[in-house]
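Written out below as structure tokens is the structure these notes cover.
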Amino acid sequence: MNSTDEAAQILTRMFEALARQNRKTLNARSRADIKRACELLASAGAELDDLLDELPPAPEPRPARDYTTMPIEVERWKERRRTE
């Protein structure tokens, strides 16, 4: 198996998993599109070398939220709404 086919299989599995979460499946056209996209990317070669250099920097990750205090915050918000 060549790397293009392997990449297409990996992406197909990922998209199938996402589709299953929504109780859907990938159709033959979607599978063919994934395979074709992998072929195009593989054939681009050196044209893609600078692609990542042109992308803007990734956004800073948000700080983790402490969900253990959320019920307390909701109750405080409800109380403020009642008193306003």
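The values are calculated or read from the model by the stated rules, or taken from the named source; none is laboratory data. Computed from a predicted structure; not experimentally measured. With ideal geometry, Cβ positions are generated from the backbone for all residues, glycine too; neighbour counts draw on all protein chains shown.
Data overview
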| read-out | value |
| --- | --- |
| The listed residue being of a type in the set (D, E, K, R), surrounded by 10 or more Cβ atoms within 10 Å (Cβ to Cβ) and in contact with a Ser or Thr (Cβ under 6 Å, 6 or more places away or on another chain), out of 39, 79 | 39 |
| Residues that are of a type in the set (A, V, I, L, M), farther than 27 Å from residue 15 by Cβ and at pLDDT below 80, drawn from the stretch 33-69 | 46 |
| Residues (among the aliphatic types (A, V, I, L, M) and in a loop (DSSP other than H, G, I, E, B)) located in the stretch 23-79 | 26, 55, 58, 64 |
| Residue match in the stretch 11-28 (condition: more than 18 Å from the chain's Cα centre (by Cα), hydrophobic (A, V, I, L, M, F, W, C) and either surrounded by 10 or more Cβ atoms within 10 Å (Cβ to Cβ) or at pLDDT 85 or above (or both)) | yes |
